[in-house]
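See structure below.
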Amino acid sequence: MYFAALLARTHDGWEASDTELDDVETLSDLTDLAREASVDEDTVLVFIEQEDAWFGVLRVEGEEDPRIFVSDAAAAARSSYGEILTNELLGGDDDDPAADLDALDLDGTEDGEPEEDGADTVDLPAQAGESVPTGPAGDREILADLGMSEKELLALETDALSEIADALGAGEVLETVR
């Protein structure tokens, strides 16, 4: 079970909204969702948590590239929404389907003809999660300027999103959408 919420910084403080990730298939989709919640291109945080197995934070500010942190890359890579984050962090698939063609080992044959030695297989890139490191990955200082140090972020275990929101002064706001 997932919990996902958006925290958008406004002139009056933080505004929270729970969010459905059903239509999110790529990092671009997730980033667009965050940008839609932005007020005057201020900071928006997307929190994703899977039942205390892992949590992730995506930070979007205006048109800048998103910043990402996940608490356990290996656990996140095994889940559909976590895979979106870890692919970006670990240099996995991008949003460009043409990149899949670049990764193929084309043998120069035409129209699916087998190679002369009888082999007709194509080497594909490794699947996500096969060599993903266990433990935190991404921008460990993603929240440092907002009130949560790298050391505090790395020490989080259970109920991490509530602790992050408390450190940012948005604990009560987040609880309204839980």
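Efficiency by 1/(1 + (r/R0)^6): what FRET value for Ala53 and His11, r their Cβ-Cβ distance, R0 = 22 Å, to the nearest 0.05? List each step's numbers first, then the result.
Working: r = 36 Å, r/R0 = 1.63.
Calculated value: 0.05.
Solvent-accessible area of region 129-178 (1.4 angstrom probe, protein heavy atoms only): carbon and sulfur portion equals 44 percent.
Sorted on the mean count of surrounding Cβ atoms within 10 Å across their residues, most packed first, peptides 37-50, 131-144, 11-24 read 37-50, 131-144, 11-24.
Label-to-label distance, Ser149 versus Asp18, with points set 7 angstrom from Cα along the beta-carbon direction: 3.5 nm.
The values are calculated or read from the model by the stated rules, or taken from the named source; none is laboratory data. This structure is a prediction, so every number in the text was calculated from the model and none was measured. Cβ sites come from the backbone with ideal geometry, for glycine too, and all protein chains shown count toward neighbours. These area figures cover heavy atoms from the full protein model, side chains too; ligands, DNA and RNA do not enter into them. Shrake-Rupley method; radii C 1.70, N 1.55, O 1.52, S 1.80 Å.
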